[in-house]
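See structure below.
Laboratory data are not the source of any read-out in this text; all were calculated from the coordinates shown. Just so we're clear, the structure is a prediction, and the values are computed from it rather than from any experiment. Reconstructed Cβ throughout: ideal geometry from the backbone, glycine too, with neighbour counts over all protein chains shown.
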Ligand code: HEM
Ligand code: SF4
Ligand code: SF4
């Protein structure tokens with residue numbers, strides 16, 4: 001195997017482990033930390049079903065953001081849902097037998113890349129142009145956008161400009177999944193794309209990308225509004241009663 | 001009138017350009033040892049305060065999921081940046097909700113995250129220094145914990161939770177705020193925020209009984225510490241004497257009278273407010289709450305009802321069952337606790353109150369949704385009852401009512417500017433500036449609909465508005481209690497005929 005193939009194999013194993021263990025540890029921490037008081041932002045649903053609906057509206061439509069700021073909402077929503085389509089489209093590189101629906105969304109997933117870039121550029125423009133958003137931005141906030149745009153552009157290079165040997169790429173990832181490493185084609189666009197993706201996986205658990213699991217654990221959004229009906233008591237608070 | 005510039009009404013409410021440091025000087029008095037120690041905090045700044053602060057932060061991260069998740073999840077999208085009344089009124093970027101959170105987040109990142117430990121510059125992480133602590137003291141006492149930011153954040157990040165944690169950390173290192181800590185001490189010692197002892201309460205209530213009898217000819221009772229009463233009423237101590245609060249208390253008494261339900265106040269729990277929440281202290285909040293349980297048990301009541309108070313209702317509605325429950329010794333047919341508005345609303349629905357709306361015809365009203373009622377509690381059975389129930393009561397008591405603009409009411413309501421432990425004279429500049437968005441919205445309905453009065457159901461809102469409205473060209477008596485309106489309109493069974501007292505009724 002070539003040096004590049006070995007390096008990328010190692011990189012992707014490492015990245016996958018960091019991502020899975022890192023995000024898993026974070027989720028575990030969120031789940032086990034108690035929320036001692038009922039603090040849903042009201043008006044809030046009074047049933048669990050209602051909370052599931054509220055969360056659905058937040059995650060799928062970014063409802064609060066919609067109420068809050070139409071520009072961030074439109075760019076943010078375009079970016080995230082393009083990203084989702086793009087990710088779903090990528091499933092086929094990890095499957096021997098590609099699911100039908102994955103095949104069917106290929107054309108959409110392909111052009112969703114443009115949506116991703118437009119959304120990200122819009123968000124970046126706000127970050128630079130709006131004084132309030134500029135003030136709260138750290139270098140990492142800009143770099144995160146650069147990273148995602150880099151992933152998007154290098155991916156689009158391969159889709160729309162100079163195709164890579166996609167059959168070999170697929171063989172590479174299937175090989176990794178079966179623990180029998182394969183050669184990786186070495187055209188620059190592919191290597192850049194994959195390197196950035198590995199970087200994204202590695203920074204995920206130590207960056208603001210934790211908003212993705214975090215949103216599900218936000219007590220102001222995931223609590224049922226029933227404090228009078230049902231006594232809510234955290235374990236450490238129960239200790240105080242003794 | 002003031003040694004600072006009162007903000008001007010904006011012609012078009014555009015979002016102001018930020019100006020760094022405009023409110024850096026705003027700091028409340030630091031609590032002396034006498035006020036710190038009774039709450040279990042060190043009397044002055046500890047020598048090893050940095051370690052203690054970091055340890056405390058670590059402890060809170062393990063105790064409060066909100067704190068942990070909110071510190072991690074923010075993506076700096078900027079959606080909250082224009083949502084805080086203190087930012088709009090002061091243009092200080094550290095008063096943008098995310099700007100405020102970042103004061104603490106940068107320290108969290110430095111000591112608790114991989115990126116902050118090894119790449120601090122990259123992620124804006126910073127060591128805990130004296131300047132940072134100063135900033136904390138300044139800006140975490142410029143948050144009224146109103147939760148407006150949490151409504152508009154895509155993850156519901158509630159800066160109030162961060163402020164509470166920050167204040168708890170500052171208390172733990174010996175840098176507490178005088179106003180809150182002194183008051184909590186008074187509650188433990190005397191029973192209420194104002195330090196009114198039992199005999200003073202008794203006196204006041206007797207005075208009220210006499211006044212009401214003189215005005216209406218009906219003997220309405222305002223009982224204190226009466227064992228065996230059906231209802232324990234817990235109300236903010238401002239209701240005992242300050243205007244317009246006391247008119248609300250008069251109203252509650254009249255409503256109980258008409259309902260034919262026996263009730264009592266308690267000198268042991270003569271305070272609905274719970275400043276333990278403002279300083280983020282579960283233990284102190286619990287201790288303050290336990291007075292209410294003790295009073296209910298001692299007096300043998302069957303129900304607990306809270307008077308008009310915003311954050312008190314949050315603690316009552318959302319936390320009381322947790323902090324001082326279970327309340328299985330009370331009548332299970334009623335929610336514990338109930339809000340006086342829920343109680344009055346039920347009576348109105350049953351047609352038990354004879355309300356003559358025309359008796360409030362000298363006023364045209366609007367209603368200020370108090371932040372903690374609006375975004376941290378509920379009334380009635382359905383979500384949003386906290387908006388409709390008080391309005392229903394007002395509309396049943398008055399002919400003229402207009403709401404302020406939609407983006408300033410319901411769960412988008414603006415805080416009065418004095419909540420969250422900031423209702424103190426040493427923060428007057430902040431209070432005046434923070435009131436700007438509400439004052440603008442009020443001005444609009446005054447100009448468009450001839451509104452003369454604004455009603456509220458919170459003791460802090462009422463005190464705050466009475467104080468700051470004059471800065472904006474209003475008068476201090478333009479803020480009224482909701483139960484004051486009920487009191488005006490309510491014709492008691494057997495009340496003297498109207499003509500006898502019409503002249504004296506002018507506002
Ligand atoms: C449950 C899934 C997710 C939800 C509900 C979600 C929601 C949001 C929302 C509401 C925002 C703020 C608005 C905006 O700037 O777009 C945001 C920002 C962001 N999200 Fe997500 N997101 C999710 C997953 C992801 C994933 C998987 C990634 C990347 C791999 C990602 C990357 C970002 C980035 C980089 C920003 C900041 C954009 C900026 O700098 O302005 N998100 N997300
Ligand atoms: S709206 Fe929420 S996520 Fe966005 S900057 Fe404000 S606190 Fe952070
Ligand atoms: S809770 Fe209220 S006062 Fe505090 S930052 Fe949020 S909007 Fe401002």
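Structural remarks
- Global form of segment A:74-184, assessed from the alpha-carbon gyration tensor, a/c cut-off 1.5: prolate
- Ascending count of other beta-carbon atoms within 10 Å, so fewest first, for B:90, B:452: B:452, B:90
- Segment B:108-160 shape via C-alpha gyration tensor axes, a/c threshold 1.5: oblate
- Residues A:48, B:408, ranked from the fewest to the most other C-beta atoms within 10 Å, line up as A:48, B:408.
- Among A:100, A:190, A:85, residue whose mean-square fluctuation peaks in a GNM of chain A (springs only between Cα atoms under 10 Å): A:100
- Inter-chain Cβ neighbour average for residues A:231-240, partner chain, 10 Å: 4
- For chain B, the longest principal axis of the Cα atoms and the long axis of helix B:385-397 meet at an angle of about 30 degrees.
- Value of relative contact order over segment A:50-174, rounded to a whole percent, pairs C-alpha under 8 Å and six or more apart: 25 percent
- Legend: mean number of C-beta atoms from other chains within 10 angstrom of residue C-beta atoms, peptide A:71-81, equals 1.
- When the alpha carbon gyration tensor of segment B:348-397 is reduced to an equivalent ellipsoid, its three semi-axes come out at 23, 15, 6 angstrom, largest first.
- Shape box of the protein assembly as shown [Cα atoms, principal axes, largest first, Å]: 101, 55, 54
- Rounded to the nearest 0.05, the FRET efficiency derived from the C-beta distance between residue B:425 and residue B:130 at R0 = 30 Å is 0.70.
- Relative contact order [Cα under 8 Å, 6+ residues apart], segment A:3-240, whole percent: 38 percent
- Mean projection area, nm², convex hull over Cα of segment A:3-240: 16.6 nm²
- Modelled spin labels at residue A:13 and residue B:8, positioned 7 Å past Cα toward Cβ, are 6.9 nm from each other.
- Once the Cα gyration tensor of segment A:1-123 is diagonalised, semi-axes √(5λ) in Å: 33, 23, 16
- Ranking of A:21, B:336, A:102 by count of other Cβ atoms within 10 Å, fewest first: A:21, A:102, B:336
- Here the mean projected area of the convex hull built on the C-alpha positions of segment A:149-242 is 11.2 nm².
- Inter-label distance, residue B:51 to residue A:60: 5.3 nm, where each label sits 7 Å from its Cα along the C-beta direction.
- Peptide A:28-36 - average C-beta neighbours from other chains (10 Å radius): 5
- Part-to-part distance (alpha-carbon centres) for segment B:399-472 and segment A:121-156, which is given in Å: 38 Å
- Percentage relative contact order, segment B:33-176, counting C-alpha pairs under 8 Å, at least six apart: 32 percent
- FRET efficiency for the pair residue A:32 and residue A:231, taken as 1/(1 + (r/R0)^6) with r the Cβ-Cβ distance and R0 = 22 Å, rounds to 0.60.
- Highest-MSF residue in chain A out of A:183, A:58, A:229 [GNM, Cα springs under 10 Å]: A:229
- Cα-based shape type of segment B:33-176, given that a ≥ b ≥ c are square roots of the gyration tensor eigenvalues and the cut on a/c is 1.5: oblate
- Between segment B:222-271 and segment B:89-159, the Cα center-to-center distance that results, in Å: 41 Å
- Euclidean distance of C-alpha centroids, segment A:52-73 and segment B:30-71, integer Å: 35 Å
- Within the protein assembly as shown, percent of DSSP bridges classed antiparallel, to nearest 5: 10 percent
- Point-to-point label distance, residue B:381-residue B:25, nm (Cα→Cβ direction, 7 Å offset): 5.6 nm
- Selected from A:154, A:82, A:207 as most flexible by GNM, with chain A as the system and alpha-carbon contacts under 10 Å: A:207
- Translational D in µm²/s for segment B:104-207 (Stokes-Einstein at 10 °C, 1.306 mPa s, Kirkwood Rh from C-alpha pairs): 96 µm²/s
- P(r) of segment B:252-402 over all Cα-Cα pairs, binned every 5 Å from zero, in whole percent: 2, 9, 17, 21, 20, 16, 9, 5, 2, 0
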